[in-house]
Amino acid sequence: MTRAGLLTFLTVTVLIVAGCNRTSEPMSLRVEGEVRTVPSNQAVEGAQWSLFERAVLDGALQAEEEVASAMSDASGGFIAEFERRSSYSLRWTASAPLHFTTAGELNPDGLLPNVPIDLPVPMNAICTLHVNLASVPPEDSTDVILFNLGEAFPCPCCETEQVLLEGVGADSSWTCLMHGDRWMTWGADLEVALIGQPEGLFVDSVFCPAFGSATLDLTW
């Protein structure tokens with residue numbers, strides 16, 4: 001082989017090796033998210049966002065593991081990057097003070113290198129509801145009230161099961177959580193023995209502000 005031919009061979013070999021090195025490097029995926037309170041649309045600072053992946057490695061489905069995390073800034077924005085693998089599932093969660101934890105999923109088939117994922121993260125504010133039910137004189141041992149809250153929020157929130165109270169001195173009080181800046185409806189079916197007392201079916205609602213509290217007082 002001539003010297004010119006040898007130089008050409010070495011050049012081609014170097015280019016092939018260099019090209020293989022570039023493609024063997026892991027590619028990263030990028031999530032650009034924005035956390036906001038609903039329905040007020042306020043930016044949420046200090047929200048912790050985490051991404052959990054189940055991947056297929058060497059033909060086997062792996063256990064779920066956290067592959068990325070980030071914290072939102074004053075504008076509610078965050079950026080998270082993670083290595084591209086053979087993802088079977090991608091699940092994310094977000095938590096922040098005075099907010100209910102929220103969660104969602106990413107579609108692994110929709111992830112592309114160098115194409116950031118735009119992810120809105122809505123979070124519901126917490127509001128505390130105080131419920132106070134009590135009978136007051138004149139009372140009768142046969143008095144009965146069936147009470148229940150009417151709005152079921154998708155979280156570990158206020159129960160909507162019926163509460164039955166009977167007789168003299170019947171009372172019940174409890175505190176529960178619900179989504180803020182929302183209305184909580186309630187209903188009460190009251191049967192009393194004494195003439196002149198209000199009875200029948202009563203339906204109303206109470207507004208619970210975000211990051212605050214509301215009180216529902218019902219006496220009969």
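The values are calculated or read from the model by the stated rules, or taken from the named source; none is laboratory data. Quick caveat, the model's predicted, so the values are computed rather than measured. Because the Cβ atoms are built from the backbone with ideal geometry, glycine has one as well, and the counts that use them run over all protein chains shown.
Is there a residue in segment 173-184 that is farther than 15 Å from residue 205 by Cα, of a type outside the set (A, V, I, L, M, F, W, C) and in the same structural domain as residue 203 (by TED's automatic domain parsing)? Yes. Summed over segment 196-218, the residues that are charged (D, E, K, R) and touching a Leu at 6+ places or on another chain (Cβ under 7 Å) give a count of 1. Taking the listed residues 128, 93, the one that is within 30 Å of residue 187 (Cβ to Cβ) and assigned to a strand (DSSP E or B) is 128, with no other qualifying. Considered as a group, the residues in segment 12-42 that are within 19 Å of residue 114 (Cβ to Cβ) and modelled with pLDDT of 85 or more include one that is surrounded by the most Cβ atoms within 10 Å (Cβ to Cβ), and that residue is 29. Applying the criterion of being over 19 Å from the mean Cα position of the chain (by Cα) and among the charged types (D, E, K, R) to the residues of segment 74-129, the residue that is surrounded by the most Cβ atoms within 10 Å (Cβ to Cβ) is 85.
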